[in-house]
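Chemist: What follows is a structure written as structure tokens; I'll ask about it next.
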Amino acid sequence: MSRSERKWDHIRYALETGQKRLTAFDDIHFIHQSLPNINVSDISIHQKIGGLSLSSPIFINAMTGGGGEKTYSLNKQLAMVAKETGLAIAVGSQMSALKDKSERYTYEVVRKEYPDGVLIANLGSEATPDLAKAAIEMIEANALQIHLNVIQELAMPEGDREFSGALRRIESIVKEVNVPVIIKEVGFGMGKETVESLASVGVSIVDVGGFGGTNFAEIENKRSVNSKEVFNLWGIPTAISIAEASRAPVPMTIIGSGGFTSSIDMAKGIALGASAVGFAGYFLKILVEEGMESLKEEIISLHHGLKMIMTALGAQSILELQSAQLIVSGYTHHWLTERGIDTKIYSQRTIK
Ligand code: FNR
């Protein structure tokens, strides 16, 4: 199967398998405030990540490119929506265009449509610093994502089987490129030890890419004739992964992603420690099934919902939302307690 056919398979099966919402956000509860002492007009959702100024904490996460006309058209539409709503946007892995120049246009269209946007390049951890620089240059990217997808590769019959040396390669990329580097998972989450290892080689931004939304183990099993479903329920749920990453004893900016479909989950993710939130599968489904206008309306509605929640909590900024009071219950409480994370840090703090 060609790389471009595989890209289309991923889109098709991501739409078919959908979002199961196994993200653990149902274990997270805000404590209601009857006297928030704030007005809706006081709320700002602007955010800064790695020195980049963002008008919203929402961004469109890496999905596509490199599969000819169909992926060109999706990237073009995503870029148009991102421009109209002021969101940052990541492209899918650019390896295909680094190997085959005829695929470049499927990524370049994003910069063409969104000349002054915050654009994020994307490659896997097999990349060298030179490839990383070429990917950044291809779309004049403002940041670079390096994805970690061991489980996806293991679930894929034609996938990689060699994973040694990734941390050293990441270290050299971080040293050599001149834009912020985000290390991301693709739906299996990151634990605090992974975050510590990444910090030890100079990484300062991670996207936890948690479990509970798009499930690449399931997607690869759909593509395979002899599917082995060992990894279908594998991964750290997004809410737990954000908490783990933000409690790692290292300086790190945390991005939350994996299964986001609502402003309430987004607010919970931020309160658990995320500075921004990436949406992939949910946005793709709206775009493909309902079109650009619907996706634009959904983003406007997510912004509106977030502002209402921030008002209810008395949080004027994303930074303040990060210290809103939360109760962590059930499975998530059990998990975090077992991992030595005291959940009282969330329930007994106050917004300053
Ligand atoms: C992805 N994702 C992804 N990630 C990445 O770093 N490089 C890539 O090329 C792709 N490709 C891709 C294709 C499709 C069709 C989807 C839906 C997703 C993963 C994506 O960025 C994200 O980490 C996961 O999908 C989890 O988030 P959601 O989809 O649950 O919001």
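Chemist: Quick one: which of 256-268, 281-293 comes out on top by average Cβ neighbours within 10 Å, and what's the full order, highest first?
Modeler: Working: 256-268: 25.4, 281-293: 17.0.
The peptides rank, most packed first, as 256-268, 281-293.
Chemist: Could you tell me which residue out of 324, 78, 61 lies farthest along the dipole of the chain toward its positive end? Charges go on the beta carbon: Lys and Arg +1, Asp and Glu -1, centred on the Cα centre.
Modeler: Final value for the positive-end residue is 324.
Chemist: Oh, and also: Local charge sum around residue 61 (other residues, Cβ-Cβ under 9 Å, Lys/Arg +1, Asp/Glu -1)?
Modeler: Once positives and negatives cancel, what remains is 0.
Chemist: Let me ask another. Just going by the charge dipole of the chain, with Lys and Arg at +1 and Asp and Glu at -1 on Cβ, which of 98, 269, 348 is farthest out on the positive end?
Modeler: The residue sitting most towards the positive pole is 348.
Chemist: Please report, to two decimal places, log10 I(q)/I(0) for the chain at q = 0.16 Å⁻¹ as given by the Debye formula with identical point scatterers on the Cα atoms and no solvent.
Modeler: Here log10 of I(q) over I(0) equals -1.53.
Chemist: With +1 assigned to the C-beta of every Lys and Arg and -1 to the C-beta of every Asp and Glu, and no other charges, what is the dipole magnitude of the chain about the Cα centre in debye, to the nearest 20?
Modeler: 280
Chemist: If you take every residue apart from residue 257 with its C-beta less than 12 Å away from the C-beta of residue 257, what net charge results, scoring Lys and Arg +1 and Asp and Glu -1?
Modeler: Values: positive: 184; negative: 185, 207, 265.
Spelling it out: positives minus negatives among the neighbours equals -2.
Chemist: Under a 10 Å cutoff between Cα atoms, tell me which one of 146, 136, 327 has the largest fluctuation in the Gaussian network model of the chain.
Modeler: In the Gaussian network model the winner is 327.
Chemist: Would you pull out the residues with amide H under 5 Å of residue 62's amide H, same chain only if 5 or more places away, H placed 1.01 Å from N?
Modeler: Hits under the 5 Å cutoff: 90.
Chemist: Using θ = phi - 60° and the Karplus relation 6.51 cos²θ - 1.76 cosθ + 1.60, list the HN-Hα couplings for segment 247-256 in order, rounded to whole Hz, with x at every Gly or Pro.
Modeler: After applying 6.51 cos²θ - 1.76 cosθ + 1.60, I find 9, 5, x, 9, x, 7, 8, 10, 9, x Hz.
Chemist: Taking Cα centroids, how far is segment 74-103 from segment 257-324 in Å?
Modeler: What the calculation gives is 21 Å, centre to centre.
Chemist: Any idea what the relative contact order of the chain is, in percent, if you count C-alpha pairs under 8 Å spaced at least 6 apart?
Modeler: Computed value for the chain: 22 percent relative contact order.
Chemist: Aspartates and glutamates within cross-link reach of residue 285: Cα-Cα under 15 Å, excluding same-chain residues under 8 positions apart?
Modeler: 9, 16, 293, 297, 298
Chemist: Shifting gears a bit: Identify all aspartates and glutamates with a Cα-Cα distance to residue 192 below 12 Å; exclude those on the same chain that are fewer than 8 residues away in sequence.
Modeler: Within the straight-line limit of under 12 Å, residue 192 reaches these aspartates and glutamates: 244.
Chemist: Counting Lys and Arg as +1 and Asp and Glu as -1, each charge on the Cβ, what is the dipole of segment 96-135 about the Cα centre in debye, to the nearest 20?
Modeler: 80
Chemist: Continuing with this model, one more query. Please get the size of the charge dipole for segment 189-333, origin at its Cα centre, with Cβ charges of +1 on Lys and Arg and -1 on Asp and Glu, quoted in debye to the nearest 20.
Modeler: On the way: 9 positive and 14 negative charges, 37 e Å.
That gives segment 189-333 a dipole magnitude of about 180 debye.
Chemist: What number in nm² do you get for segment 18-128 if you take the convex hull of its Cα atoms and divide its surface by four?
Modeler: 10.6
Chemist: Tell me the trypsin sites (Lys or Arg not before Pro) within segment 1-74 that lie in a loop according to DSSP and have at most 14 other beta-carbon atoms within 10 Å.
Modeler: Here the trypsin sites (Lys or Arg not before Pro) that fit, given the DSSP loop and packing criteria, are 20.
Chemist: Pick from 303, 32, 147 the residue whose mean-square fluctuation is largest in a GNM of the chain, springs joining Cα atoms under 10 Å.
Modeler: Judging by the Gaussian network model, the answer is 32.
Chemist: Mind scanning 7/76; 76/99; 222/296; 76/268; 48/175 and naming the pairs with a C-alpha gap bigger than 24 Å?
Modeler: Violating the 24 Å Cα-Cα cut-off are 222/296; 76/268.
Chemist: Work out from phi, with θ = phi - 60° and the Karplus expression 6.51 cos²θ - 1.76 cosθ + 1.60, the ³J(HN,Hα) of each residue of segment 214-222, listed in order in whole Hz, and give x for Gly and Pro.
Modeler: Values per residue, Gly and Pro as x: 4, 10, 6, 5, 5, 4, 5, 5, 5 Hz.
Chemist: Once Lys and Arg get +1 and Asp and Glu get -1 on their Cβ, which of 88, 107, 36 lies farthest toward the positive end of the dipole of segment 22-113?
Modeler: Final value for the positive-end residue is 107.
Chemist: Here's something else I'd like to know. Only bridges whose two residues both fall in the chain count here: according to DSSP, what percent of them are antiparallel, nearest 5?
Modeler: 20
Each reported figure results from applying straightforward, stated rules to the coordinates on display, with no laboratory input. All of these numbers come straight from a predicted model, not from anything done at the bench. In this analysis, Cβ positions are derived from the backbone assuming ideal geometry, glycine residues included, and neighbour counts consider all displayed protein chains.
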